[in-house]
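Take a look at the structure below.
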Amino acid sequence: MGVLIRAKYAKKEEVKYVGHLDTMRTFIRCIKRTNIPVSYSKGFNPRIQISFALPLGVGITSKSEYFDLTLEERFNIDMFIAELNSTLPDGFRIVEAYYPEETKSLMSLVKEAVYEITINDEIDFEKIKNTFEKDEIIIEKENKDKKIVSKNIKENILDFCIKDNVCIFHVTAGSSNNLNPNTIIDVINKYVHHIEDFEINRKEIILK
Amino acid sequence: MLDKLLKKVEKPVRYTGGEINMCKKDLTNIKSRIAFCFPDVYEIGMSHLGMKILYDLYNRKNDTYCERVFAPWVDMENLMRENNIKLFSLETKTPLNEFDFVAFTLQYEMSYTNILNMLDLGGVPLWSKDRGENDPIVIAGGPCAYNSEPIADFFDLIIMGEGEEVNIEVNDLYIKCKDEGKSRKEFLKLVSRIEGIYVPSFYDAQYNDDGSFNKCVPINENAKPIISKRIIKDLDSLTYPEKWIVPYLNVVHDRVMLEIFRGCIRGCRFCQAGYIYRPVREKSKENVERLAESLINNTGYEEISLTSLSTSDYTEFYPLAENLIDKFKDKNVSISLPSLRTDSISLKLLDEVSKVRKSGFTIAPEAGTQRLRDVINKGLTEEEILNACRFAFESGWSTIKLYFMIGLPTETYDDLQGIVDLANKITELYYQIPKDKRAKGLSVTVSASTFVPKPFTAFQWCGQNDINTIKEKQDYLKTHLTNKAIKFNWHEPEISVLEAVLAKGDRRLSKVIYRAWKLGCKFDSWGEFFKFDVWMKAFEDCNIDYKYYAERQIDLEETLPWEHVNIFVTKDFLKKEYQNAMDEKVTSNCRQKCAGCGASINQCGVCFEKR
């Protein structure tokens, strides 16, 4: 059956434009470049068994990404981290790894996330505060059928704070009730000011 | 600033670099910086083996740093122009005009306007004559270098032949000249003495009163009258890139490409590669096996492809393929074997490696009748073609792709009917196999490209069919390939016509290329960007008739614009091959019997194999 190891990694500035699929492929190839005893799926087309939590949008950096990888046998965690970090391109870095106790899928554990949005445009941050303190934050979004629908995202925002030009949003995340950080940008663009010079960083994915 | 642009473009990773195995260097000790430019987008350029080889060779040197540059896609180019950002290298984001060398690889003629566009975007003067001491040396190499006359005026020097040794010689000389404070002109004089180096400004192309080409003569005492291509006699003596860059993006050839030999023994008369890479030289089986292992370990790739012009002609092909399949079985690495012949051993191997029948079974008869296949020296009989197809159907393929050329010398409508008949016979073969023993859903694709006469081939004298003739021939196939299981693919002939013009052109075409670029032509090999009418306007503006270059049957006694280049295959041999073609006579392959092409002067490879 193999044993599951969970790794937390950072995706920094240098690689923030690497898309989700390309990121997955990079990890798979880097794992193959190491001596880590990975387990392959059985069958006609054996594959490394790896799954990633919550895809990260192109252009966004992160301090907290996760993947689960099935190993053939337990492998020393420090060696796991060291081996993988020596082969990953600059910008990707494993920060932590452990053998999780639960057996639920990684994606189903994702419940919340924290985003840090740094805005370099000259705007009124007080206005951002006011906007997100309102009871209703309505934004138009395209749904799966390409129809424009209005949505109140108030309940997705669990908490937020603003320090200087950095806005920190604690939001719901996961497969069922996810708030895309770009939606926060849409809200700012709509209600505050059109911003161009900004950075989004995922500070944390909270697994529950 | 760049970051702002990247937020707005499609596939920003095309411009960011930083991939696995990218070379990073401290610039303080670097004496020569090379921008290796591929005149197409990242995904195409990163599939090119030559770039990986030279990138590795240059970067093994401590005093040299070679970086990559690709043509930005149109969205990025527009943003770069709006924001005054010069074309830059992926490794250090350095603008093109700050490099010592700007080096282009000439892989196909239709990339020429992209070269001008990249130089322009990089702040480098387009014409060699306009460059000064502070500008980079603009160089080129690759298969189109052999007749680079149409773009010669844009380059300071051009490298003929295989680049592994000569690139390093040129670079070493450059560093020496730089250390000694020599001028650009002095460097060019010295470099033009190196075997394989062509400095176009040291030659004068002359024409007769009737406009035909007369000769290309040296006008500088350092320039050689004849430039001979460089070849590597012993491929095992070369270092091969073992740590190559693994792109983030899915590129065209996203796998390990392992070269097993250069050249081709076959001698198809239309094929430029078959002549310019002579003689055939192989890498040893042991070397290939060692490299395969090392490359897989260093890249993490899941597929390895043995590359050459005709893979199953490798002398130890079967043992090599078997060993590799064995070696990688447990590592879940698959082996792909492109360019196989249709012999039984190859087919058996193909069956072994193709566990998944997702891709089609491709076969290239090139011509529809035996007569025309003999004219082009394809050396493939109808029986062999049908046997291979029967094998494919019996082994579980139901998709067959057939490649043909139309407009080949001496072609008649009988030959076109031959294409139709052959395709029909193949569909009949499928239905002869019992239902329970064949895969469902027969699909036979007939692709017909337009013949492009190329320099340094037996057909270099041949005129190309005019556009209407080609269209009529395509129409014939469209109306006669009526079987529902057969799909017919063709291309608009205009692009092939321009390819012929640029392939066989002389120096007078440089102003047409410049004009076409000025009028907005770029990415000409991309159907959606190719503007034939704009090219026609460029020819008109320059008062040049494109038909003179594409359609004219050149007299065998005429001097050709590329005769100052020696590929070691003699003009006499090509004439003989032309005559054999007209007589429908087949020439034996290099292993059967030496045909005396001239390449044996190099004293290596297949010419000296024991038979």
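Every number here is computed from the coordinates shown, using simple stated rules; none is lab data. These numbers were taken from a predicted model, which means no experiment stands behind them. Cβ: placed from backbone, ideal geometry, glycine included. Neighbour counts: every protein chain shown.
GNM, chain A, Cα, under 10 Å: largest mean-square fluctuation among A:Glu122, A:Glu73, A:Glu65?
A:Glu122
By the scheme Lys and Arg +1, Asp and Glu -1, what is the net charge of all other residues having a beta-carbon under 14 Å from that of B:Phe101?
Numbers: positive: B:Lys31, B:Arg33, B:Lys61, B:Arg68, B:Arg131, B:Lys178, B:Arg184; negative: B:Asp63, B:Glu67, B:Glu98, B:Asp100, B:Asp135, B:Asp156, B:Glu169, B:Asp172.
My count for the surroundings of B:Phe101 gives -1.
If you stretched the chain out fully between B:Leu519 and B:Tyr413, how much longer would it get, using 0.36 nm times the residue separation minus the C-alpha to C-alpha distance? Could the numbers behind the result be given before it?
On the way: separation 106, 0.36 × 106 = 38.16 nm, distance 3.87 nm.
So the chain would gain 34.3 nm between B:Leu519 and B:Tyr413.
Which residues in segment B:144-178 place their backbone N less than 18 Å from a point set 7 Å from the Cα of B:Glu133 along the Cα-to-Cβ direction?
Under cut-off, by backbone N: B:174-178.
Could you check what % of the DSSP bridge pairs in segment B:2-228 are antiparallel, to the nearest 5? Can you show the working numbers first?
Numbers: 8 of 26 bridges.
Roughly 30 percent of the DSSP beta bridges within segment B:2-228 come out antiparallel.
With a cut-off of at most 16 other beta carbons within 10 Å, and DSSP calling the residue loop, which trypsin sites (Lys or Arg not before Pro) in segment B:442-504 qualify? Please list them. Can you show the working numbers first?
Numbers: sites: B:Lys471, B:Lys473, B:Lys478, B:Lys484, B:Lys487, B:Lys504; in loops: B:Lys484.
Those satisfying the criteria are B:Lys484.
With +1 assigned to the C-beta of every Lys and Arg and -1 to the C-beta of every Asp and Glu, and no other charges, what is the dipole magnitude of segment A:43-188 about the Cα centre in debye, to the nearest 20?
On the way: 16 positive and 26 negative charges, 103 e Å.
Using only the charged Cβ atoms, the result is roughly 500 debye.
What translational diffusion coefficient, in µm²/s and rounded to a whole number, does the Stokes-Einstein relation yield for segment A:3-103 at 25 °C and a viscosity of 0.890 mPa s, taking the hydrodynamic radius as the Kirkwood radius over Cα pairs? Walk me through the numbers before you get to the answer.
On the way: Rh = 13.8 Å.
Reported coefficient: 177 µm²/s.
Can you give me the distance in nm between label points at A:Val149 and B:Asp179, each placed 7 Å from the Cα along the Cα-to-Cβ direction?
7.1 nm
Could you work out the local net charge near B:Lys4, counting Lys and Arg as +1, Asp and Glu as -1, over the other residues with Cβ closer than 13 Å to its Cβ?
Numbers: positive: B:Lys7, B:Lys8; negative: A:Asp121, A:Glu196, A:Asp197, A:Glu199, B:Asp3, B:Glu82.
Overall, the nearby charge balance is -4.
May I ask what percent, to the nearest 5, of DSSP beta bridges between residues of chain B are antiparallel? If you can, show how the numbers build up before the last one.
Values: 11 of 56 bridges.
DSSP beta bridges in chain B are roughly 20 percent antiparallel.
Below 8 Å, C-alpha to C-alpha, sequence gap of six or more: please give me the relative contact order for chain A in percent. Walk me through the numbers before you get to the answer.
Details: 378 pairs, mean separation 55.1, N = 208.
Reported as a whole number, the value is 26 percent.
What whole number of Å gives the distance from the Cα centroid of segment B:111-161 to the Cα centroid of segment B:553-597?
About 30 Å separates the Cα centre of segment B:553-597 from the one of segment B:111-161.
For segment B:2-228, what's the relative contact order in percent, using C-alpha pairs closer than 8 Å and at least 6 residues apart? Could you put the intermediate results ahead of the total?
Details: 361 pairs, mean separation 35.0, N = 227.
Reported as a whole number, the value is 15 percent.
What 222 nm value per residue comes from the helices of chain A, counting each DSSP H run with n ≥ 4 as -39,500 (n - 2.57) and dividing by all residues, nearest 500 deg cm²/dmol? Can you show the working numbers first?
On the way: 5 runs with 48 residues, N = 208.
Taken over chain A, the calculation gives -6500 deg cm²/dmol.
Mind ranking B:130-136, B:339-345 by how tightly packed they are, going by the mean number of other C-beta atoms within 10 angstrom, highest first? Write out the running numbers ahead of the final one.
Values: B:130-136: 12.9, B:339-345: 16.6.
Top of the packing list down: B:339-345, B:130-136.
Enter the per residue convex hull volume of segment B:11-68, computed from alpha-carbon coordinates, in Å³ rounded to the nearest integer.
85 Å³
Looking at the protein assembly as shown, what % of its DSSP beta bridges pair antiparallel, to the nearest 5? Before the final figure, lay out the partial values.
On the way: 57 of 104 bridges.
So the antiparallel bridges amount to about 55 percent of the total.
GluC sites (Glu not before Pro), restricted to segment B:517-603: which are DSSP loop and have at most 10 other Cβ atoms within 10 Å?
Details: sites: B:Glu528, B:Glu540, B:Glu551, B:Glu557, B:Glu558, B:Glu563, B:Glu577, B:Glu584; in loops: B:Glu528, B:Glu551, B:Glu557, B:Glu558, B:Glu563, B:Glu584.
When the GluC sites (Glu not before Pro) of segment B:517-603 are filtered for loop state and at most 10 Cβ neighbours within 10 Å, B:Glu528, B:Glu557 remain.
For peptide B:11-23, how many partner chain Cβ atoms fall within 10 Å of a residue's Cβ, on average?
Values: counts 4, 6, 7, 1, 1, 7, 2, 9, 6, 9, 3, 2, 0.
Averaged over the peptide's residues, the number is 4.
If you take the Cα Rg of chain B and divide it by 2.2 N^0.38 Å, with N the number of residues, what do you get? Let's see the in-between values first.
On the way: Rg = 24.4 Å, N = 611, 2.2 N^0.38 = 25.2 Å.
Against the compact-globule rule of thumb, the ratio is 0.97.
Take the Cα radius of gyration of segment B:315-440 and divide it by 2.2 N^0.38 Å, with N its residue count; two decimals is plenty. Show your work: numbers first, answer last.
Values: Rg = 16.3 Å, N = 126, 2.2 N^0.38 = 13.8 Å.
Scaled against compact globular proteins, the figure is 1.18.
Roughly how many debye, to the nearest 20, is the charge dipole of the protein assembly as shown about its Cα centre, given +1 on each Lys and Arg Cβ, -1 on each Asp and Glu Cβ, and no other charges? It would help to have the intermediate numbers written out before the result.
On the way: 113 positive and 123 negative charges, 298 e Å.
Approximately 1440 debye in magnitude.
Work out the mean other chain Cβ neighbour count within 10 Å for the residues of A:14-22 and drop it here as an integer.
On the way: counts 3, 5, 5, 12, 7, 5, 0, 3, 7.
Average neighbour count from other chains, rounded to a whole number: 5.
Charges at C-beta only: +1 for Lys and Arg, -1 for Asp and Glu. How large is the resulting dipole of segment B:308-437 about its Cα centre, in Debye rounded to 20? Can you show the working numbers first?
Working: 16 positive and 20 negative charges, 120 e Å.
Its charge dipole is roughly 580 debye.
Pairs A:Lys163/B:Lys7; A:Lys63/A:Lys163; B:Lys243/B:Lys593; B:Lys93/B:Lys283; B:Lys182/B:Lys571: which exceed 28 Å Cα-Cα?
Numbers: A:Lys163/B:Lys7 25 Å; A:Lys63/A:Lys163 19 Å; B:Lys243/B:Lys593 39 Å; B:Lys93/B:Lys283 36 Å; B:Lys182/B:Lys571 39 Å.
The pairs that break the limit, which is 28 Å between Cα atoms, are B:Lys243/B:Lys593; B:Lys93/B:Lys283; B:Lys182/B:Lys571.
Neighbour counts of other C-beta atoms within 10 Å: give me B:Trp517, B:Trp526 arranged from fewest to most.
Details: B:Trp517 22, B:Trp526 15.
Arranged by neighbour count, lowest to highest, B:Trp517, B:Trp526 become B:Trp526, B:Trp517.
For B:Asn208 and B:Lys93 in the same chain, what is the full-extension length gain: residue separation times 0.36 nm, less their Cα-Cα distance, in nm? Intermediate values should be presented prior to the final figure.
Numbers: separation 115, 0.36 × 115 = 41.40 nm, distance 4.76 nm.
Fully extending the segment from B:Asn208 to B:Lys93 adds 36.6 nm.
Stokes-Einstein D for the protein assembly as shown at 10 °C, 1.306 mPa s, Kirkwood Rh over Cα pairs, in µm²/s?
Values: Rh = 29.8 Å.
For the chosen part, D equals 53 µm²/s.
In what sequence, highest mean first, do B:443-456, A:151-164 appear when ranked by Cβ atoms within 10 angstrom? All intermediate terms of the calculation are to be shown ahead of the outcome.
Details: B:443-456: 21.8, A:151-164: 13.7.
In descending order of packing, they fall as B:443-456, A:151-164.
Can you spot the lysines whose alpha carbon is less than 23 Å from B:Lys537's alpha carbon? Ignore those fewer than 8 places along the same chain.
The reachable lysines, counting only those whose Cα sits under 23 Å from B:Lys537, are B:Lys471, B:Lys504, B:Lys511, B:Lys518, B:Lys522, B:Lys547.
Considering the alpha-carbon set of chain A alone, what are its Rg and its Dmax in angstrom?
Cα-based Rg and Dmax for chain A come out at 19.1, 59 Å.
Radius of gyration and Dmax for segment B:523-611's Cα atoms, expressed in Å?
Gyration radius and largest Cα-Cα distance of segment B:523-611: 19.4, 57 Å.
In deg cm²/dmol and to the nearest 500, what is the mean residue ellipticity at 222 nm of chain B if only DSSP H runs of at least 4 residues count, each as -39500 (n - 2.57), divided by the residue total?
Details: 20 runs with 208 residues, N = 611.
Calculated at 222 nm, the ellipticity per residue is -10000 deg cm²/dmol.
Using every pair of alpha-carbon atoms in segment B:506-567, split the distances into 5 Å bins beginning at 0 and state the percent of pairs per bin, rounded to integers.
4, 16, 22, 20, 16, 12, 9, 2, 0
Considering only the other residues whose Cβ falls under 15 Å of the Cβ of B:Gln474, what net charge follows from Lys and Arg at +1 and Asp and Glu at -1? Before the final figure, lay out each step's value.
Working: positive: B:Lys471, B:Lys473, B:Lys478, B:Lys487; negative: B:Glu411, B:Asp415, B:Asp466, B:Glu472, B:Asp475, B:Glu492, B:Glu494.
Taking every other residue near B:Gln474 into account, the sum is -3.
Reachable lysines from B:Lys437, Cα under 18 Å, same-chain residues fewer than 8 places away excluded?
List returned: B:Lys348, B:Lys355, B:Lys358.
Any idea which of A:Val95, A:Leu84, A:Leu109 is furthest toward the positive side of the dipole for segment A:77-118, if Lys and Arg beta-carbons carry +1 and Asp and Glu beta-carbons -1?
Checking the options against the dipole of segment A:77-118, the answer is A:Leu109.
Would you compute the Debye intensity of segment B:2-228 from its alpha-carbon atoms alone, equal scatterers and no solvent, and pass along log10 I(q)/I(0) at q = 0.12, 0.14, 0.15 Å⁻¹ to two decimals?
Log10 of I(q)/I(0), two decimals: -0.64, -0.87, -1.00.
Please tell me the relative contact order of chain B in percent, rounded to the nearest whole number, where contacts are Cα pairs under 8 Å and at least six residues apart. Before the final figure, lay out the partial values.
Working: 1102 pairs, mean separation 86.9, N = 611.
RCO, chain B: 14 percent.
Return the ratio Rg/(2.2 N^0.38 Å) for segment A:110-207, where Rg is computed over Cα atoms only.
Values: Rg = 13.1 Å, N = 98, 2.2 N^0.38 = 12.6 Å.
Working it through for segment A:110-207, the quotient is 1.04.
Please find the FRET efficiency linking B:Ser588 to A:Tyr98, where r is the Cβ-Cβ separation and R0 is fixed at 60 Å, and quote it to the nearest 0.05.
Working: r = 67 Å, r/R0 = 1.12.
Computed FRET efficiency for B:Ser588 and A:Tyr98: 0.35.
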